[in-house]
Amino acid sequence: MPGLAHRWLADGTLHNGHAEATAPGCVPVLHSFVEGLIYLPSAKPASRVAESASQSDAPAGANPAVAYSLIDAPPAEECAWCGHRFDGADTRRPGRTRCSRCGVATTSPWPSDEQLGDAYAVWYRPTAGRFSGVGDAVLKRTRSALASRLQKVLPSGPVLDVGAGDGTLIEAFRRNGRDAVGVDPYSNGANPHVRAVEFEEMTGEWSAVIFWHSLEHVRRPVRSLRHAADLIVPGGMLIVAVPNATSMQARLFGDRWLALDLPRHLVHIDPPALLSQLEELGFRIERVSYLRGGQVLFGWLHGLVGRFPGHPDLYDTIRRSEARQAAQSPAFRLYALGAAVVSLPVAAVGTAIEVARRAGGTIYVQARREQKAS
Ligand SMILES: [Zn+2]
């Protein structure tokens, strides 16, 4: 499908030049830049699946993608995005294979349900919160800001948050008087508005469906998007934020890129593939941003800190000790935080450059379901 794949350029503008999608202007850039700093990722750079498999003796700072690639699971045989059967033309990297047809990479080896379950075990999202008190408070604030912003663009009616986690975003919507429900198969049941079911089991009519850093976690993302198209009322909105696998930071930090997050991230999305797919499903793209999805500056910080001797894992550093992948001594945590402070100016410049080039670490898409049935 070369025509389809090339309709959207890598920077999210249309090939024919009359893009409806727009880059954020100067003021929104500044605003979003601050958000890019404080949005905390739900991803985690390395996995206990890798640790518990053949890499139980992996030294601290080991390459997480290489460690994951050694787990006991079959290689991915087809692209999880477009279904293309992998052959010699596809690009194989540690822990993932990039499809020659659509440009999306699929996690390989392809984890079993049990291996994925291990990767989402309780320690990943402890009920007491993932981060230190300040971190969780920041997460709550940023989700409130996101809900308030979306309130202004979404038509009235109920909102469905796919991959709702502990429900921070839907609670923010509910505080604004909006009916909001979440689905998350890994929900711990603590929030009555988050249903522990697969998204495909959901029915009803929704004015908006949100995939906030969740589409990359599902085994058949295009099937999920198609289901979303079925659930969203005509004129309703689809909101998607995912890591941008072809961003500058993804290319620069490679196997250690924060948002590679193997194996929880099962697909590694190329923006043109996402935008083309949404149009094919009957959505009109109204906005594309390479900053609004958040995690952009943190992606840079994490990557730069990971280049220091000993490869400190900044994301682990800021998590509560019980939510950490590997133990970190107080001295090592201090070292990692110091490295982050030193790296901040470079990370800020890197963020500014990649966002200006529309190659930011995440892509945010706001799309409206056309009035006509697709
Ligand atoms: Zn593909």
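Here is how the numbers come out for the structure above:
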| item | result |
| --- | --- |
| Count - residues of the range 194-214 that are within 23 Å of Arg174 (Cβ to Cβ) and either touching a helix residue (DSSP H, G or I) at 6+ places or on another chain (Cβ under 8 Å) or among the aromatic types (Phe, Trp, Tyr) (or both) | 12 |
| Val240 assigned to a strand (DSSP E or B) and without any contact (Cβ under 8 Å) to a residue 24 or more places away in the chain | no |
| Total residues in the range 93-110, condition within 10 Å of the ligand (Cβ to nearest atom) and basic (Lys, Arg) | 2 |
| Output for the range 147-167, where each listed residue is open to solvent by less than 30 Å² (accessible area, probe 1.4 Å) and either out of contact with any strand residue (DSSP E or B) (no Cβ under 8 Å at 6 or more places or on another chain) or part of a helix (DSSP H, G or I) (or both) | Ala147, Leu150 |
| Qualifying position, being closer than 30 Å to Thr91 by Cα and not charged (D, E, K, R), among Ala340, Ala356 | Ala356 |
| Number of positions in the range 273-324 that are assigned to a helix (DSSP H, G or I) and of a type outside the set (Ser, Thr, Tyr) | 21 |
| Breaking point among (1) modelled with pLDDT of 95 or more; (2) more than 16 Å from the ligand (Cβ to nearest atom); (3) open to solvent by 30 Å² or more (accessible area, probe 1.4 Å), for Ser144 | (1) |
| Complete set of residues in the range 70-97 that are crowded, with 21+ Cβ neighbours inside 10 Å and either under 19 Å from the mean Cα position of the chain (by Cα) or at pLDDT 95 or above (or both) | Ala76, Cys79, Ala80, Trp81, Gly95, Arg96, Thr97 |
| Residue list for the range 272-296, restricted to those being at pLDDT 95 or above and of a type in the set (A, V, I, L, M, F, W, C) | Ala273, Leu274, Leu275, Leu278, Leu281, Phe283, Ile285, Val288 |
| Qualifying residue in the range 81-89 (condition: within 14 Å of the ligand (Cβ to nearest atom), of a type in the set (A, V, I, L, M) and touching a strand residue (DSSP E or B) at 6+ places or on another chain (Cβ under 9 Å)) | no |
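The values are calculated or read from the model by the stated rules, or taken from the named source; none is laboratory data. Everything numeric in this text was worked out from a predicted model, so none of it was measured. Positions of Cβ are generated from backbone atoms using ideal geometry, with glycine treated the same way; all protein chains shown enter the neighbour counts. When the accessible area is computed, the model is the full protein with side chains, heavy atoms only, and any ligands, DNA or RNA have been set aside. Shrake-Rupley method; radii C 1.70, N 1.55, O 1.52, S 1.80 Å.
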